[in-house]
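Visitor: The following block contains the structure, expressed as structure tokens.
The values are calculated or read from the model by the stated rules, or taken from the named source; none is laboratory data. This is a predicted model, so every value here is computed, not measured. Here Cβ is always computed from backbone atoms with ideal geometry, including for glycine, and neighbour counts include all displayed protein chains.
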Amino acid sequence: MPFFAVPKKEILKTMNEYGLRNPKASVADLGLKNVSAAYWNLSVAELVEEVIVKGEGELTDFGALAVDTGEFTGRSPKDKFVVCDAETENSVWWSDVNFKFDPEKFDKLYNRVTAYLAGKEVYVRDCYACADPRYRLNIRVVTESPYQSIFANNLFLRPTNDEIPSLEKDWTILAAPGFKADKDVDGTRQHNFAIINFTKKIILIGGTGYTGEIKKGIFSVLNYVLPHHNNVLSMHCSANIGKDGDTAIFFGLSGTGKTTLSADPNRGLIGDDEHGWSDTTVFNFEGGCYAKCVNLSAEKEPQIYNAIRFGSLLENIEFIDGTTAVDFDNISKTENTRVAYPIDFIDNAVEPSVAGTPKNIFFLTCDAFGVLPPISRLTTGQAMYNFISGYTAKVAGTEVGVTEPTTTFSACFGKAFLPLHPTKYAELLGQKLEQDKNIRVWLVNTGWSGGSYGVGSRMKLSYTRAMITAALNGELDKVKYDTLPVFGLQFPTSCPNVPSEILNPRETWADKNAYDNKIADLAAKFVKNFEQYASQANTEIMAAAPKVAVVA
Ligand code: ATP
Ligand code: MN
């Protein structure tokens, strides 16, 4: 038992359970009968002390806690399973993102995890998802490591201390990073796993300490529940709101700029990653942000930089030698260094994080080929086509000599988190665009300009911000547009605070032949990827496909 946590904040005590909780609840209900102690809803300060005493982390000069998440510094999509039973068999889209798990194997593995936790301390956190109270989902997060409890506190919505004594959980997350599965016994792929059981309402995580599994586990749950039962479109997007109350949402795959671009000093932040779009609202699922730290600077991203302070959780960063100052440029552990903080650490966060339905939708893509315009305005058909395609291009890695980017097509800009078939989400978006013809949809390339990776360079963040501001202000409604060949995208020929030369990607390439070849290549990849959805797409959507020259 830690010497400090118990006497200080002890409110309820039953045997070895400490802290504020619903008196009717016990970890024994979760099968955790023999833990040495269960600490319920400790304050962040108490948890920070726990982490430090256990040697799992250290404080940085700004007062933030830095931890290493161990073997995994990112999600492991191949080890994500969904229990296949009467609830899910005919509703879940069984695919390369939703692997089946046997219900009996789940029960056995759950018991093995609880047995593993016998004699150990666990941390219990009551939190919830969905800022729109109509969809609120109470979550009880039980973790082996205290830093995971800080993460759950920072990323999910936080009930008040008055609410906790009467809180009933809807879902449970049990996460034991130190438990290693035996694939032959447990039916997993390897030693780590994240398994969703929709019938029992449990997410079981083991063998990995990467906190993103906790966050994206609940996202996957909501991506099932909301469209399936509530007719709400769940979205992998950030959202913010202007002074006039106009909502903007920013869809995009990892690294495309959702978190960075939603933090805008002139707009209120609704959320940086996961939202729902109901009949009347856009609402955050979460209560915090999970920002990338690579190359972070106070100059370029002041709001995120200032959120790194006591209470925030840094993951897998390195220190400047001999100091407690974070070296944001050092990515020797992983490129995916992160900081998790409660949303109110951003000055102009909107709480409760609920806004009206959007006026502007941005699809962010980080096109490392440098082919797509930095901003273009989409027709409804193009919007649907691009939503279903979910394109981005990544640089293949950091190995020496690897310079060719690889395309990623991830339906709805979040295929990895979709338990239902992508057409379900596309249908809902289509209905919403149909209902409100004034919604404008933009495609923003936050990636390369002036050539592909290796030749060109990444679009300046200040330019991308200026283009988004101009779109939001209506300034891009007043300018002339040109049409990109092959893709048929309409891009502005001028934009305030952006050099006009960069608006047409072809003009930024020294070698026009190379551009023409590259755009044809990329178009062919779009068309090939879309084949799997073509039978479900209407003529308007199909008309928005890039026009690939047919070789005779
Ligand atoms: P995830 O889903 O993994 O959280 P994300 O979409 O939130 O990803 P960000 O965290 O916003 O992605 O990452 C964008 C990264 O790209 C940041 O590190 C940002 O500094 C950098 N960046 C560089 N140039 C630009 C640009 N023009 N627009 C947006 N981001 C840029
Ligand atoms: Mn993000």
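Visitor: Can we say Ser457 is more than 30 Å from Thr280 (Cα to Cα), hydroxyl-bearing (Ser, Thr, Tyr), without any contact (Cβ under 8 Å) to a residue 12 or more places away in the chain and out of contact with any strand residue (DSSP E or B) (no Cβ under 8 Å at 6 or more places or on another chain)?
Guide: Judged against the criteria, Ser457 is not a match.
Visitor: Of the residues that make up the range 200-222, is at least one modelled with pLDDT of 95 or more, away from ligand 2 (no atom under 16 Å from the Cβ), in contact with a strand residue (DSSP E or B) (Cβ under 8 Å, 6 or more places away or on another chain) and under 18 Å from Asp132 (Cβ atoms)?
Guide: yes
Visitor: Can I ask one more? Under the condition of being among the polar types (S, T, N, Q) and surrounded by 14 or more Cβ atoms within 10 Å (Cβ to Cβ), which residue from the range 496-552 is nearest to Thr406 (Cα to Cα)?
Guide: Asn529
Visitor: Of all residues in the range 128-148, how many are within 19 Å of Val67 (Cβ to Cβ) and either in a strand (DSSP E or B) or under 21 Å from the mean Cα position of the chain (by Cα) (or both)?
Guide: So the count comes out to 5.
Visitor: Moving on to the next point. Filter the range 178-234 for residues that are polar (S, T, N, Q) and within 18 Å of Gln148 (Cα to Cα); which is farthest from the chain's Cα centre (by Cα)?
Guide: Filtering the range 178-234 for residues that are polar (S, T, N, Q) and within 18 Å of Gln148 (Cα to Cα), the one farthest from the chain's Cα centre (by Cα) comes out as Asn192.
Visitor: Something else about it: Quick one: in the range 258-283, of everything that is of a type in the set (Gly, Ala, Ser) and over 20 Å from Leu429 (Cβ atoms), which residue is nearest to ligand 2 (Cβ to nearest atom)?
Guide: Ala263
Visitor: Now for a separate question. If a residue counts only when it is modelled with pLDDT of 95 or more and not small (Gly, Ala, Ser), which strands (runs of 3 or more DSSP E) contained entirely in the range 231-341 have at least 3 such residues? Talk me through it step by step, then tell me what you get.
Guide: On the way: elements: 233-235, 237-241, 247-252, 268-271, 275-277, 282-284, 288-292, 313-315.
Here the list reads 237-241, 247-252, 282-284, 288-292, 313-315.
Visitor: Does Ala325 qualify as being of a type outside the set (Phe, Trp, Tyr) and closer than 30 Å to Thr423 by Cα?
Guide: no
Visitor: So which of Ile173, Ile164, Ile139 ends up being among the β-branched types (Val, Ile, Thr), over 30 Å from Thr357 (Cα atoms) and buried (at least 23 other Cβ atoms within 10 Å of the Cβ)?
Guide: On the way: Ile164 fails: buried (at least 23 other Cβ atoms within 10 Å of the Cβ); Ile139 fails: over 30 Å from Thr357 (Cα atoms).
Being among the β-branched types (Val, Ile, Thr), over 30 Å from Thr357 (Cα atoms) and buried (at least 23 other Cβ atoms within 10 Å of the Cβ) holds for just one of Ile173, Ile164, Ile139, which is Ile173.
Visitor: Looking at Ser312, is it near ligand 1 (Cβ under 9 Å from one of its atoms), hydroxyl-bearing (Ser, Thr, Tyr) and surrounded by 24 or more Cβ atoms within 10 Å (Cβ to Cβ)? Don't jump to the end; show me each part of the working.
Guide: Numbers: near ligand 1 (Cβ under 9 Å from one of its atoms): no; hydroxyl-bearing (Ser, Thr, Tyr): yes; surrounded by 24 or more Cβ atoms within 10 Å (Cβ to Cβ): yes.
No, not satisfied.
Visitor: Pull out all pairs, ordered by first then second residue, where Cβ-Cβ is under 8 Å, the residues are six or more apart or on different chains, the first lies in the range 246-257 and is over 15 Å from Trp442 (Cα atoms), and the second is more than 7 Å from ligand 1 (Cβ to nearest atom) and of a type in the set (Phe, Trp, Tyr).
Guide: If the second residue must be more than 7 Å from ligand 1 (Cβ to nearest atom) and of a type in the set (Phe, Trp, Tyr), the pairs left are Leu253/Phe413.
Visitor: Please work out which residue is farthest from Ala520 (Cα to Cα), limiting yourself to the range 478-495 and to residues that are of a type outside the set (Phe, Trp, Tyr) and within 31 Å of the chain's Cα centre (by Cα).
Guide: Cys495
Visitor: As an exercise: evaluate Thr69 against (1) in contact (Cβ under 8 Å) with a residue 60 or more places away in the chain; (2) over 23 Å from Asn192 (Cα atoms) and give the number of the one condition it does not meet.
Guide: Unmet condition: (2).
Visitor: Just name the residue that is surrounded by the fewest Cβ atoms within 10 Å (Cβ to Cβ) out of those in the range 260-277 that are within 12 Å of ligand 1 (Cβ to nearest atom) and over 16 Å from Phe417 (Cβ atoms).
Guide: In this case the residue turns out to be Asp264.
Visitor: In addition: Checking Lys300 against (1) within 12 Å of ligand 1 (Cβ to nearest atom); (2) under 19 Å from the mean Cα position of the chain (by Cα), which single condition isn't satisfied?
Guide: (2)
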